[in-house]
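Coordinate-derived values only; no laboratory data. Everything numeric in this text was worked out from a predicted model, so none of it was measured. Cβ placement follows ideal geometry from the backbone for every residue including glycine, while neighbour counts extend to all protein chains displayed.
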Amino acid sequence: MAIAFSGMMLSSLMVMNQFGFILSFAVLVDTFVIRTIFVPAIMSIAEKWNWWPAKVPEPTKDENYMDDDI
């Protein structure tokens, strides 16, 4: 996506150059900073709020219902 958006920087219009730079920069920051550093850091800080529901529900069927026939 960053390569595709950087193609807009070849335009002769200043607005398209700026838009292409902003989009390319945003994609690269999201890829290399946000998803690799920021998201895992937040997940490790907020351990108990990461998963919902926190308690695993009770099974509705007997886990060994196939073993009863043997």
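For this structure, a couple of remarks:
- Between 0 and 90 degrees, the angle of helix 14-29 with respect to the longest Cα principal axis of the chain falls at about 30 degrees.
- Descending semi-axes in Å of the chain, equivalent ellipsoid built from Cα gyration tensor: 50, 18, 9
- As a length-normalised measure over Cα pairs under 8 Å and 6 or more apart, the relative contact order of the chain settles at 21 percent.
- FRET efficiency estimate (nearest 0.05) - Cβ-Cβ, ALA2 to ILE37, R0 22 angstrom: 0.80
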